[in-house]
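> Sharing a structure below in structure tokens format, with a few things to ask.
The values are calculated or read from the model by the stated rules, or taken from the named source; none is laboratory data. All figures in this text were calculated on a predicted structure; none of them were measured in a lab. Note that each Cβ is placed from the backbone with ideal geometry, even for glycine, and that neighbours are counted across all protein chains shown.
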Amino acid sequence: MKKVFSIAAISVALLLTGCSQVSSAASVGSVKISQSTVQSSINDIMAERSKVDTSQMQLETGEALNRAQMRFHVLSELLNKVAAKLKITVDIAKENKVTINPRYGVWDALNADVVPVDSAGSAVTPSDK
């Protein structure tokens, strides 16, 4: 596991030096991670933080939060590539019956992701106006 993370860290350093496009925050091979993707993650975090008292929490802010979210997106892409190369699937999630609290969304076993759902369900329908 240490070896995989070491390789990932070296890859990240090499890949980040090759990002010359203004709108690109990073690239992992042919996959571009846009600045808007990273900023969207930060915005989501800040929105969730605003709902609770965080005054006594030691949370990343500013540049540290930016780097943490960049790291998250880069490592996610690297892990996806490693999984594809090693033909690793997420069948283990099916075997272990992953369940997610509905307020967070539902588990998408095919993509190994938590996806949002309409929390109101059929209780709210769009108006015809």
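> Filter segment 28-58 for residues that are farther than 21 Å from Val114 by Cβ, surrounded by 11 or more Cβ atoms within 10 Å (Cβ to Cβ) and either in contact with a helix residue (DSSP H, G or I) (Cβ under 6 Å, 6 or more places away or on another chain) or aliphatic (A, V, I, L, M) (or both) and give the result.
Of everything in segment 28-58, just one residue is farther than 21 Å from Val114 by Cβ, surrounded by 11 or more Cβ atoms within 10 Å (Cβ to Cβ) and either in contact with a helix residue (DSSP H, G or I) (Cβ under 6 Å, 6 or more places away or on another chain) or aliphatic (A, V, I, L, M) (or both), namely Val28.
> Look at segment 77-97 and say how many of its residues are modelled with pLDDT under 80 and loosely packed, with under 12 Cβ neighbours inside 10 Å.
To start, the set of residues in segment 77-97 that are modelled with pLDDT under 80 comprises 88-97.
Filter again for loosely packed, with under 12 Cβ neighbours inside 10 Å, leaving 91-92, 95-97.
Residues flagged as modelled with pLDDT under 80 and loosely packed, with under 12 Cβ neighbours inside 10 Å within segment 77-97 amount to 5.
> Residues in segment 81-99: is at least one in contact with a helix residue (DSSP H, G or I) (Cβ under 8 Å, 6 or more places away or on another chain) and in a helix (DSSP H, G or I)?
Within segment 81-99, one or more residues are in contact with a helix residue (DSSP H, G or I) (Cβ under 8 Å, 6 or more places away or on another chain) and in a helix (DSSP H, G or I).
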